[in-house]
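A.B. asks: Quick one: this structure, given as structure tokens, is what I'll be asking you about.
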Amino acid sequence: MKTVNVAALSAAVVLIAGLAISAFGQAPYRTSPNWTSSDRQVSTGGALVDLDRDGWLDLVVSNGNDIYRQSVVAYYNRGDGTLSASPGWQSSDLAYNGHLDVSDVNGDGFPDVAVSLLLNEDGPAAKLYLNHAGTLSTLPDWTSAEIANTFGLAFGDVNNDGRPDLAVATGWPYGDPHVFHNTLHVNRDGELETVASWQSTDTLGFDGALWVDGDEDGWLDLVLTGTDTDTWLYPNLGGSLDTIARWRTTDNTRQFAIMATAGDVNGDGLRELFVTDNTQLYSGSGRFRQYNGRLPGYFDQTPSWSYFDGYGSAIALADVNADGLLDLATGAWWDRTRLFLNNGTGLPTTPSWNSAGTSVVEKIAFGDVNNDALRRTTERFAAGGPRLCYLRHQPIQGILDVRVDGRSLEPFEYTFDAEHGWVSVGAAAAEETKIDYAWSRKPDMAVTNWDERGNYLYYNELLVNGDCDGDGDVELDDYPCFHDCMTGPGGGVGGSCAEFDWDIDDDVDLREFAEFQNGFTGP
């Protein structure tokens, strides 16, 4: 059973009309969004995810924040690369919803949605909507036993059993002194435990949660971004979290940090940690900050790169211009969405692209909504290695197949994080683990907005199809390598040729050749 509907993806590949940019050094988005949702809510959390497994990404958004009791909603893809303007699904319960995360909790092949809860004096800290063959429950199927204010949470796999576990960062920067412990709800055979089996020894306040293998030992560690404290990391001790944080940032001990992400931006083979900081409270620096990865000590404690933007709120990584390098997207309250394009050794000191208008940005998410640049890649991991597998691409569109020693795993036997590009496999390989997945050379960018402007989608309008040599043009020099990969229907693909299987149907045929011709630009 596959996590992505391959047949649906094959039928869904389309080319979007619009500005084509062939120079890879440019930002591939227009400065104004191509799509804006018609409903105007206080939107906060967001994710691009194929809820109904029809081969097209949908947008799920949590609303309310600290202003109104509102619903969680989903904007479904119409099957032509466009999102519905109004929600096609919404929850029946109304709450002060914070951020969300998605993962297949019960292992049925359909992604479920977890949401954090604010201003919840006598209610749960987090809730979960199960996905029933493409439609989410209208009421939560699970709630945590812990009562706490929460703004951020994240799915990970603490014990590498292939089941997603849920970490909850507790805190409320505008209220009384923080008294809550941060928690981890382990997945037990497809169900999250109601009472958390792990909680932090401390009661520090945190707004965001991130799972990342910070010391490259094959186990996910938990990073929590601090309010009136540092950003802290709780090490994974071979399948269980240390209750005491062993690493922290030291450059701003009274920060107001909201979100974190991680990825290898400087090309040294180690993931860097990126954190937002906000000047609204305490002594926040207002900077987006990069902490370089190091061994064996997780990350540097002071930043190697930063950019001031006042009320910094959102941060995300993706290769937006098809040069093989991760770029940084940032958002702030009452400010512009920005992109910092990787120059080959790191990020520039000033933005490479800014949105034309301002908004109160809460979340930035990447994915190929119109399926116009999907690629297929197979990666192999030798026996004896870790069951936590980081893929070469980040984010990914979805998992097509996971095979351990030649056997395809069922969805309940592995879990993955599309945003950060890792897969956790529950079964140990005697010979080899092979992961077949889809990714895109043209990720589109979704932005959720708190200020009731609607949510945004920016289509990626870079021209990349058929550029075999990666020079930014589709020309005669690209034809020989493409021709050598053509196998015809049913011929199969392998090695580097898998990247030309644009419709993900297991061969490179005339369908791909037509797309190659359509993209031909010359030098």
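The values are calculated or read from the model by the stated rules, or taken from the named source; none is laboratory data. Note that the structure is predicted; figures quoted are calculated from it, not measured. Cβ placement follows ideal geometry from the backbone for every residue including glycine, while neighbour counts extend to all protein chains displayed. Calculation scope for accessible area: heavy atoms of the full protein, side chains included, ligands and nucleic acids excluded. Shrake-Rupley method; radii C 1.70, N 1.55, O 1.52, S 1.80 Å.
A.B. asks: Indicate the gyration tensor shape class of the stretch 387-456 (rounded, prolate or oblate), computed on the Cα atoms with a ≥ b ≥ c the square roots of the eigenvalues: a/c under 1.5 is rounded; otherwise a/b larger than b/c is prolate and the rest oblate.
C.D. replies: prolate
A.B. asks: Can you give the net charge of the other residues whose Cβ lies under 11 Å from the Cβ of Arg294, counting K and R as +1 and D and E as -1?
C.D. replies: -4
A.B. asks: Grab the other residues whose beta carbon is less than 14 angstrom from that of Ala257, score K and R as +1, D and E as -1, and report the net.
C.D. replies: -2
A.B. asks: Work from the charge dipole of the chain (Cβ charges, +1 for Lys and Arg, -1 for Asp and Glu, about the Cα centre) and give the residue of Thr249, Gly171, Ser92 farthest towards its positive end.
C.D. replies: Gly171
A.B. asks: Another one. At 1.4 Å probe size, with no ligands or nucleic acids counted, give the accessible surface of Ile399 in Å², nearest ten.
C.D. replies: 0 Å²
A.B. asks: In Å, what Rg and Dmax follow from the Cα atoms of the stretch 272-326?
C.D. replies: 13.0, 39
A.B. asks: Sticking with this structure for a sec: Could you compute how much accessible surface Met486 exposes when probed at 1.4 Å, giving the result in Å² to the nearest 10?
C.D. replies: So the heavy atoms of Met486 present about 60 Å² to solvent.
A.B. asks: Give me the accessible area of Ser285, 1.4 Å probe, in Å² rounded to the nearest 10.
C.D. replies: The accessible area comes out at roughly 40 Å².
A.B. asks: Now, a different point. Taking each pair of different alpha-carbon atoms in the stretch 78-124 once, compute 1/r for the pair, average those values, and report the inverse of that mean as the Kirkwood hydrodynamic radius in Å to one decimal.
C.D. replies: About 13.4 Å, per the Kirkwood formula over Cα pairs.
A.B. asks: Over the stretch 90-194, average the accessible area per residue using a 1.4 Å probe and give it in Å², no decimals.
C.D. replies: Result: 33 Å² of accessible area for each residue.
A.B. asks: How do His181, His420, His393 rank by accessible surface area computed with a 1.4 Å probe, from largest to smallest?
C.D. replies: His181, His393, His420
A.B. asks: Follow-up question, since we're still on this one. Taking the stretch 148-269 on its own, what percent of its Cα-Cα pair distances exceed 17 Å?
C.D. replies: Here the tail beyond 17 Å accounts for 54 percent of pairs.
A.B. asks: For a Förster distance of 51 Å, can you work out the FRET efficiency between the beta-carbons of Gln301 and Ser92, rounded to the nearest 0.05?
C.D. replies: 0.65
A.B. asks: Taking a ≥ b ≥ c as the square roots of the Cα gyration tensor eigenvalues, with a/c under 1.5 meaning rounded and otherwise prolate when a/b beats b/c, else oblate, which class fits the stretch 190-236?
C.D. replies: oblate
A.B. asks: Cα centroid distance between the stretch 184-231 and the stretch 304-339, in Å?
C.D. replies: Result: 24 Å between the Cα centres.
A.B. asks: Let me see the P(r) profile for the chain: every Cα-Cα distance counted, bins of 10 Å, each bin given as a percent of all pairs.
C.D. replies: For the chain, the pair-distance distribution reads 4, 20, 32, 28, 13, 3, 0.
A.B. asks: Roughly how large, in nm² to one decimal, is the mean projection of the convex hull of the alpha-carbon atoms in the stretch 51-198?
C.D. replies: In nm², the orientation-averaged hull projection of the stretch 51-198 is 8.9.
A.B. asks: Might you tell me the accessible area per residue for the stretch 268-379, computed with a 1.4 Å probe and given in Å²?
C.D. replies: 30 Å²
A.B. asks: At 7 Å along the Cα-to-beta-carbon direction for both Thr253 and Trp334, put a label point, then send me their distance in nm to one decimal.
C.D. replies: A separation of 3.1 nm, rounded to one decimal place.
A.B. asks: If a/c stays under 1.5 just call it rounded; otherwise compare a/b with b/c (prolate if a/b is bigger, oblate if not). Do that for the stretch 262-396, with a ≥ b ≥ c from the square roots of the Cα gyration tensor eigenvalues.
C.D. replies: It is oblate, given that a/c is not under 1.5 and a/b is not larger than b/c.
A.B. asks: Using a probe of 1.4 angstrom, how much of the accessible area of the chain is carbon and sulfur, in percent?
C.D. replies: Carbon and sulfur: 49 percent of the exposed surface of the chain.
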